[in-house]
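Beneath this line is the structure, given in structure tokens, with notes to follow.
Please treat every number below as a calculation from the coordinates, not as lab data. Since this is a predicted model, take the numbers as computed values, not measurements. Here the Cβ is made from the backbone with ideal geometry for all residues, glycine too, and neighbour counts use every protein chain on show.
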């Protein structure tokens, strides 16, 4: 990502092409949110410039099989998040 609008489009396209699945590879991520940031503090879907990209899949439910036998829930929500940076990397979250 070089901060241009074209690089943001390329980042969106890269997320769309990912074959990533979860739940032992049986399900695709749903509700995926792609955001960008110049400083790692303020995240936007369409910023003017960006150095960081964050992809979040906030609501992916997994069926619980064995825990149900002792009164556990039928499903758990399992969120996922990843952050990528252009240039030198530093811990931001």
Sorted peptide list for 42-54, 58-70, criterion being average Cβ within 10 angstrom, highest first: 42-54, 58-70
Nearest-0.05 FRET efficiency for residue 12 and residue 65, computed from C-beta distance (R0 35 Å): 0.45
